[in-house]
Structures are given as C-alpha cells and as structure tokens.
Amino acid sequence: MGEISSEGMKIYHNPRCRKSRETLNIINNNGIEPEIVLYLETPPSRKEIQDLLTKLGMSAFELIRKEEKLFKEEYRGKELSEEEWIRIMADNPKLIQRPVVVKGKKAIVGRPPESVHVLL
C-alpha cells in the first residue's frame, strides 16, 4: 500500500458500518471507483496511520473511536503519547474512526458521509 496518486482515491472501509457504506456510495455515485482497503482485515501499519494523520490534520487521539467497548475498558482516561496511540490503532484497527477517505495529500473521516464531497 504505497502512495496513491493525486488522481486516485482510497477508502479505509468497514462494510458492516452504515456510515462507511454511505460514504462509499457517495463516491461511487460520483463515478469514482476508489481503492477499497478493508482495514480490519489488513490493518494499516504505524507508518500508514501516521501518514493518514498528517493528511487528516489530526492527532492520533482524535482518530480513536471512543465509543468502542475496547476503548472504554482499556484506554479511557489514559494519557498516552502520539506514538502510543498510533501503536494501539495499528494493533487494534477497530479503534480507528471510519471511514477514512484519502485523495492525494488530503484525507477526511466520513462522519458525516457527506463530508467526502470536499474530496470529489
């Protein structure tokens, strides 16, 4: 999973998530066939997560799904470094907000799904 060109679009997708499916539908309805990364099956590396964070303009903690049971049981209230949160997401990809859509040097989290329009 190297760099994508500015023409290409990639979605870190969870087919079981309604917001992720809605975001993918918006992309497809605009005539775009993005590269689909089933990130729960093929988790992004720490470097890929860092790259996503740069493109998103977010901190690692902002990309964490705080409503996940694992977060609530294991990590809520913990003060961890950026590197530690990145490692936690790499080890537990279900803790990554979804979907993340990347185009060139920009990325968005599809919450709400309509936010993907900035990349179209």
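Does I108 count as touching a residue at least 24 places away in the same chain (Cβ under 8 Å), crowded, with 19+ Cβ neighbours inside 10 Å and in a strand (DSSP E or B)? So I108 passes the test.
Screening K78 against (1) in contact with a helix residue (DSSP H, G or I) (Cβ under 9 Å, 6 or more places away or on another chain); (2) outside any loop (DSSP other than H, G, I, E, B); (3) surrounded by fewer than 17 Cβ atoms within 10 Å (Cβ to Cβ); (4) not acidic (D, E) leaves a single unmet condition, (2). Selection of first residues in region 49-75 that are free of Cβ contacts under 8 Å to residues at least 60 places away in the same chain and of second residues that are in a strand (DSSP E or B) and surrounded by fewer than 17 Cβ atoms within 10 Å (Cβ to Cβ), restricted to Cβ pairs under 7 Å at least 6 apart or on distinct chains, gives the following pairs, ordered by first then second residue: K55/K106. Residues in region 16-46 that are touching a residue at least 60 places away in the same chain (Cβ under 8 Å), part of a helix (DSSP H, G or I) and either within 14 Å of the chain's Cα centre (by Cα) or closer than 16 Å to I64 by Cβ (or both): K19, S20, T23, L24. The sole residue among R65, R46, R87 that is closer than 18 Å to S115 by Cβ, among the basic types (K, R) and at pLDDT 95 or above is R65.
The values are calculated or read from the model by the stated rules, or taken from the named source; none is laboratory data. Note that the coordinates shown come from a computational prediction; the quantities given were computed from them, not determined experimentally. For neighbour counting, all protein chains shown are included, and Cβ atoms are generated from backbone atoms with ideal geometry for every residue, glycine included.
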